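> Below are the structure tokens for one structure; questions will follow.
The values are calculated or read from the model by the stated rules, or taken from the named source; none is laboratory data. In this text, all values refer to a predicted model and were calculated from it rather than measured experimentally. Please note: Cβ atoms are built from the backbone with ideal geometry, for glycine as well, and neighbour counts cover all protein chains shown. Side chains included, ligands, DNA and RNA excluded: accessible areas come from the protein's heavy atoms. Shrake-Rupley method; radii C 1.70, N 1.55, O 1.52, S 1.80 Å.
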Amino acid sequence: MNKFDIIRRPIVTEKSMDLIEQGKYTFEVAKGCTKPEIKKAVEEIFDVQVKSVNTMNMYGKMKRQGLHQGRRPAWKKAIVQLKEGSKPIEFFDSME
């Protein structure tokens, strides 16, 4: 799997922005990827040093519109913590 296929998009919420102060960055990742694959992809794409990776499976919510109901797709979230001496990810600096 390509490193750009593993990291799908950054997650920009109030909670994820607060985690940046602790050196933690949040991404949506491919459903079938593992923690070592995520770590390697983040290190190669952003040129940083990763300390740890925490992953969560996010289940799709039930949604309805009138009589019709369905489910949003499930996805996987990864919170990546950088090492102390590592530089920050520049993409998130412009968000603050």
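> Compute the helix-to-body angle for 35-46: its Cα long axis versus the longest principal axis of the chain, expressed 0 to 90° and rounded to tens.
Long axis of 35-46 versus the principal axis of the chain: about 60 degrees.
> May I ask you to list the residues of region 21-45 whose amide nitrogen lies under 19 Å from a point 7 Å from Cα along the Cα→beta-carbon direction of GLU84?
21-25
> Ignoring everything but the protein chains, give the 1.4 Å probe accessible area of LYS61 in square angstrom, nearest 10.
130
> Excluding residues on the same chain fewer than 8 positions from LYS61, give the aspartates and glutamates whose Cα lies under 17 Å from its Cα.
Here the aspartates and glutamates satisfying the reach criterion relative to LYS61 are GLU28.
> Ignoring ligands, DNA and RNA, what percent of the accessible area of the chain is carbon or sulfur (1.4 Å)?
On the way: 3250 of 6760 Å².
C and S atoms contribute 48 percent here.
> Kindly give the semi-axes, whole Å and largest first, of the ellipsoid equivalent to region 33-92, taking each as the square root of 5 times a Cα gyration tensor eigenvalue. Mind showing how you got there, number by number?
Details: eigenvalues 230, 28, 16 Å².
In descending order, the three semi-axes are 34, 12, 9 Å.
> Taking all protein chains together and a probe of 1.4 Å, list PHE4, PHE91, PHE27, PHE46 from the most accessible to the least accessible. Mind dumping the intermediate values first?
On the way: PHE4 120, PHE91 95, PHE27 5, PHE46 55 Å².
Ranked list, largest accessible area first: PHE4, PHE91, PHE46, PHE27.
> Using the Cα centre as the reference, give the magnitude of the dipole from point charges on the C-beta atoms of the chain (Lys, Arg: +1; Asp, Glu: -1; all else neutral), rounded to the nearest 20 debye. Walk me through the intermediate numbers first.
Values: 19 positive and 13 negative charges, 166 e Å.
Charge dipole, the chain, about its Cα centre: 800 debye, nearest 20.
> Continuing with this model, one more query. Over region 1-75, with the other protein chains present, what is the accessible area per residue in square angstrom, probe 1.4 angstrom?
Working: 5440 Å² over 75 residues.
Spelled out: the 1.4 Å probe surface of region 1-75, per residue, equals 73 Å².
> Still on this structure, I have one more. How far apart, in nm, are two points set 7 Å out from the Cα along the Cα-to-Cβ line at LYS77 and at LYS15?
Spacing of the two 7 Å Cα→Cβ label points: 0.4 nm.
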